[in-house]
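Engineer: Pasting a structure here, questions to come.
Read-outs: derived from the displayed coordinates by stated rules, not from any lab. Note that the structure is predicted; figures quoted are calculated from it, not measured. Note: ideal-geometry Cβ built from the backbone for every residue, glycine included; neighbour counts use all protein chains shown.
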Amino acid sequence: MNTLFKKSVAEFVGTFVLVFAACGVAALTGGDLVATALAFGLVIVAMAYSVGRVSGCHINPAVSLGCLLTKRMTLKEFGAYVCAQFLGGIAGGLSLFGILKMANVTVLGNACNYAPEVSVGGIIGAALVEIILTAIFVYTILNVTDENSAAGKKAGLVIGLTLTLVHLVGIRITGTSVNPARSFATALADLVYNGNTESLAQVAIFLLAPLAGAALAALLFKCLHSKKEEK
C-alpha cells in the first residue's frame with residue numbers, strides 16, 4: 001500500500017475518532033468544561049500512540065500547516081492530510097449525530113463553535129482567542145516532536161494535556177476549535193440533522209483563525225529554535 005495513502009487513512013481514522021468521541025462528549029454534556037476538555041485531550045493521547053505511528057497524528061489542518069511551514073512535510077503530503085482530515089471529521093460528525101438521532105438520545109448541545117456574540121467585537125474576540133490558543137497548541141507540538149526534544153515517547157501525553165489546557169480556556173468563549181476540520185464537521189452535521197444554519201454561517205472564523213495561529217506558531221518556532229548558530 002502506498003505510504004502516503006496509509007498516512008491519509010490514518011489521518012482519516014484519527015480525525016473521525018476525535019470528532020465522534022470528543023465532540024460526542026461535548027454534545028451529550030452540553031459542553032461541560034472539564035468533561036469536554038478531558039475528552040479532547042484523551043482522544044489525542046490515544047490517537048498519538050496508535051495512528052501516530054503511521055502519520056504522526058496531526059488530525060488537524062492547523063497542525064499540518066505548522067509542519068508544512070517548518071518543512072516537516074511536503075505540499076503534496078499537506079494536501080493529502082488536509083483532505084483526509086476534513087473527510088474523517090465529516091464522517092465522524094455525521095455518524096455521531098445520525099446515531100444519536102436514530103437512537104432518540106437527547107443531547108444538551110451541538111458541539112459547534114460560535115463567536116461569543118454576533119457582532120464585530122464578538123467575531124474579533126473569537127478570532128483572537130482561536131489564534132492564540134492554536135498558536136500555543138501548535139507551538140508545543142512543534143517543540144515536543146522536534147528531533148532535539150527531550151520529550152521522546154512522552155510527546156503524545158504532553159500534546160494531549162496541552163489540548164486539554166487550551167480547551168479549558170476556550171470552551172466558555174468559543175467552544176474551542178483550534179481545528180478547522182473539527183469545526184466544519186460539527187457545523188455541517190448540525191445543518192444536516194437539525195437544520196441549523198447559524199453554526200455553518202460562523203464557521204469561517206474557525207477555519208481561518210486556527211490556520212493563522214498555526215502560522216504564528218511556526219514563525220515563533222523558526223525564530224526561537226533556528227538551527228543556525230548566531231555569529
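Engineer: How would you order 165-173, 133-141 from highest to lowest mean count of nearby Cβ atoms within 10 Å?
Structural biologist: 133-141, 165-173
Engineer: Filter the cross-link list K71/K153; K6/K71; K7/K153; K6/K101; K76/K101; K7/K71 down to pairs whose alpha-carbon distance in this structure exceeds 27 Å.
Structural biologist: Table pairs above 27 Å Cα-Cα are K6/K101; K76/K101.
Engineer: Continuing with the same structure: Based on Cβ point charges of +1 for Lys and Arg and -1 for Asp and Glu, what charge dipole magnitude is obtained for the stretch 3-224 about its Cα centre, in debye rounded to the nearest 20?
Structural biologist: Here the size comes out at about 600 debye.
Engineer: Here is a further query. Per residue and in cubic angstrom, what volume does the convex hull of the Cα atoms of the chain have?
Structural biologist: Considering the Cα atoms of the chain, their hull volume per residue is 122 Å³.
Engineer: By how many nm would the segment from E198 to I99 lengthen if fully extended, with 0.36 nm per residue of separation less the alpha-carbon distance?
Structural biologist: 33.4 nm is the gain from fully extending E198 to I99.
Engineer: What's the ranking of 214-225, 22-33, 7-18 by average number of surrounding C-beta atoms within 10 Å, highest first?
Structural biologist: Top to bottom by mean Cβ count within 10 Å: 7-18, 22-33, 214-225.
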